[in-house]
Amino acid sequence: MIAVFRKTLQLLAMMFLGIATARADGLRGTGDLGVVIERAGGSVLIVETTGQTVLGRVTGLGDLSHASVVFSRDERYAYVFGRDGGLSKIDLLTRRLVGRIIQSGNAIGGAISDDGRLVAVSNYTPGGVRIFDAKTLAPVADIAAIYGPAGQRSKVVGLVDAPGGRFVFSLYDGGEIWMVDCRLCIDGGKPVLTRIGRAGKLPYDGLITGDGRFYIAGLFGEDGLAMVDLWQDPPVIRRIMDGYGKGEAKLPVYKMPHLEGWALADGRFFFPAIGRHEVLVADAGNFREIGRIKMHGQPVFAMARPDGRQIWVNFAHPLNDTVQVIDVPSLKIVKTFTPGPAVLHMEFTPRGEQVWISVRDKDRIDIYDTRTLKRVKSLPVRKPSGIFFTARAHRIGL
Amino acid sequence: MNARRITASVLVSLLLYPAVSQAGGAVPDPSRRQQLIYLLRQDCGSCHGMTLKGGLGPALLPEALAGRRAEDLAASILDGVPDTPMPPWRGEISEDEALWLAGQLLKGLKE
């Protein structure tokens, strides 16, 4: 009875919000829309960043305990990658689920090709990458991540899109970086696979720089990062930031850092150290370490405001109630917030005047003004994790 | 699940729950048990999956753990596993609590 009443109220509230944001002619763009993962309930919220409101909820997306989102190039559709291998396609305008498949037993993330025609998913079980037609979600390619003389299957991490209809990814167990060219896949052609080479022990995530040139994998098993220059032909792997731990004992890592959205600002890269409560700073020209910034805990995300002036950092359990802001010119921490237990993700609005922060254990999203560093609004959300705005559609690697 | 049903199932499990875990350690009190299960799902879950069917870390479902001893699982929880990302939880989780958690994993968690 109470549940029914609550449902009705929610419906009424959503209808009201719908009316409040719709234009008289019923048309709207999607450039200020976004998707927020509600990790415990298998649902997502569709939000808009102009008035900072929730437009609606889409349910039935399966296990979203680890989930990520990419957008179609027209910014109308969101592809949600769930932990259970679910790949769901959501229409942001009608706020309906328009396609859904279970493409594996256990997945970690995905990417969309530069031409918007292919969606790729990286899988843990069975380890590999599967590629689908973005329009229909029909399968077009299946790459098994088989490595070593015994032919073992590896979990795949750090999958990104690269220019030229390619995807690059890392083999967690296999310690290798691979690239697949799938330009012809959709018309029945075969994927062309390049095993670029050995990255190092236990690559745990990867990223591609915003210009699509460098792919970088973080290594859990070694002090260093593996980097591929995709402008080289054939591409080769180079070790960078080698020995940044300098043999010191690592601190325990209670949550793996995410490299996606790592920060390039003022000619410098900023990224989470692993097993150290530091953000590392490297010269973006030669990838040499030029500094370290002592932080509150093990960084998980270190994200640059779109203009590069600030880096916002969140942390792993048990210090995950805090967010710190680094001022790029001075490399100093200019603000430490405590939004509440379990700050899981941060997303900047397209030009960075605001940042949305998910505070899982408070069932809340906090929105901050990035200039005044003051909280401007909070939205109630059930166990929020990832926040994804449609502006990602037009950025390489996101 | 609504609040009333949760309360009911908590009460039932309180009544049925033995004071000593299968593995022999003292059983944490109900509110601590709730915290531990939350920690298990949310924070262990970031590697092992919120439903414990695995992620970067291995699955922790009863089928996957069949044949493992609670004491050994508790030791992995407390001290971590060398050469893997599994960190030590000692300091945050006591020995009795680790044994209780290991017992829960072997039995399988209820939703």
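The values are calculated or read from the model by the stated rules, or taken from the named source; none is laboratory data. The structure displayed is predicted, hence computed values, not measured ones. Because the Cβ atoms are built from the backbone with ideal geometry, glycine has one as well, and the counts that use them run over all protein chains shown. What goes into the accessible areas is simple: the full protein's heavy atoms, side chains included, and nothing from ligands, DNA or RNA. Shrake-Rupley method; radii C 1.70, N 1.55, O 1.52, S 1.80 Å.
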Residue among A:Gly41, A:Gly26, A:Gly18 that is within 14 Å of another protein chain (Cβ to nearest Cβ) and modelled with pLDDT under 95: A:Gly41
Long-range neighbours under 8 Å by Cβ, at least six apart or interchain, first residue over 29 Å from B:Asp43 (Cβ atoms) within the stretch A:53-82, second polar (S, T, N, Q) and modelled with pLDDT of 95 or more: A:Phe71/A:Thr390; A:Asp74/A:Thr30; A:Glu75/A:Thr30; A:Glu75/A:Thr390; A:Arg76/A:Thr30
Pick from the stretch A:252-279, criterion under 15 Å from the mean Cα position of the chain (by Cα) and in a strand (DSSP E or B), ranking: modelled with the lowest pLDDT: A:Ala263
Residue match in the stretch B:17-31 (condition: at pLDDT 90 or above, surrounded by 18 or more Cβ atoms within 10 Å (Cβ to Cβ) and either in a helix (DSSP H, G or I) or within 14 Å of another protein chain (Cβ to nearest Cβ) (or both)): no
From A:Leu398, A:Leu373, A:Leu379, residue being open to solvent by less than 40 Å² (accessible area, probe 1.4 Å) and either in contact with a Ser or Thr (Cβ under 9 Å, 6 or more places away or on another chain) or without any contact (Cβ under 8 Å) to a residue 24 or more places away in the chain (or both): A:Leu379
Verdict on A:Asp307 being of a type in the set (Asp, Glu), crowded, with 18+ Cβ neighbours inside 10 Å, over 17 Å from the mean Cα position of the chain (by Cα) and not in a strand (DSSP E or B): no
Criterion (closer than 30 Å to A:Leu137 by Cβ and outside the structural domain of A:Gly308 (by TED's automatic domain parsing)) met by exactly one of A:Leu219, A:Leu184, A:Leu202, A:Leu225: A:Leu184
In the stretch A:332-370, the residues that are in a loop (DSSP other than H, G, I, E, B), of a type in the set (Ser, Thr, Tyr) and open to solvent by 10 Å² or more (accessible area, probe 1.4 Å): A:Thr338
Number of positions in the stretch A:384-395 that are open to solvent by 20 Å² or more (accessible area, probe 1.4 Å) and in contact with a Leu (Cβ under 9 Å, 6 or more places away or on another chain): 1
Leading residue by the ranking (farthest from the other protein chains (Cβ to nearest Cβ)) among those in the stretch B:44-76 that are open to solvent by less than 20 Å² (accessible area, probe 1.4 Å) and outside any loop (DSSP other than H, G, I, E, B): B:Ala70
Of all residues in the stretch A:371-392 being among the β-branched types (Val, Ile, Thr) and assigned to a strand (DSSP E or B), the one that is farthest from the chain's Cα centre (by Cα): A:Val376
Residue in the stretch A:257-269 that is nearest to the other protein chains (Cβ to nearest Cβ), counting only those that are within 12 Å of A:Val300 (Cα to Cα) and open to solvent by less than 20 Å² (accessible area, probe 1.4 Å): A:Pro257
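Yes/no matrix, rows are residues, columns are (1) buried (at least 17 other Cβ atoms within 10 Å of the Cβ); (2) part of a loop (DSSP other than H, G, I, E, B):
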| position | (1), (2) |
| --- | --- |
| A:Val80 | yes, no |
| A:Arg83 | yes, yes |
| A:Gly109 | yes, no |
| A:Ala120 | yes, no |
| A:Asp142 | no, no |
Enumeration of residues in the stretch A:199-214 that are surrounded by fewer than 21 Cβ atoms within 10 Å (Cβ to Cβ) and in contact (Cβ under 8 Å) with a residue 24 or more places away in the chain: A:Lys201, A:Thr209, A:Gly210, A:Asp211, A:Gly212
Residue check, A:Arg292 under 25 Å from the mean Cα position of the chain (by Cα) and more than 14 Å from every other protein chain (Cβ to nearest Cβ): yes
Some residue of the stretch A:91-106 being within 14 Å of chain B (Cβ to nearest Cβ) and open to solvent by 40 Å² or more (accessible area, probe 1.4 Å): yes
Residue match in the stretch A:93-105 (condition: closer than 23 Å to A:Met179 by Cβ and out of contact with any Cys (no Cβ under 7 Å at 6 or more places or on another chain)): yes
Residue in the stretch A:312-331 that is farthest from the other protein chains (Cβ to nearest Cβ), counting only those that are in a loop (DSSP other than H, G, I, E, B) and open to solvent by less than 10 Å² (accessible area, probe 1.4 Å): A:Val328
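Let's see how each residue does on (1) within 17 Å of A:Ile112 (Cα to Cα); (2) in contact (Cβ under 8 Å) with a residue 40 or more places away in the chain; (3) touching a helix residue (DSSP H, G or I) at 6+ places or on another chain (Cβ under 6 Å):
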{"site": "A:Thr136", "(1), (2), (3)": "yes, no, no"}
{"site": "A:Gln152", "(1), (2), (3)": "no, no, no"}
{"site": "A:Lys155", "(1), (2), (3)": "no, yes, no"}
{"site": "A:Val160", "(1), (2), (3)": "yes, yes, no"}
{"site": "A:Pro163", "(1), (2), (3)": "yes, yes, no"}
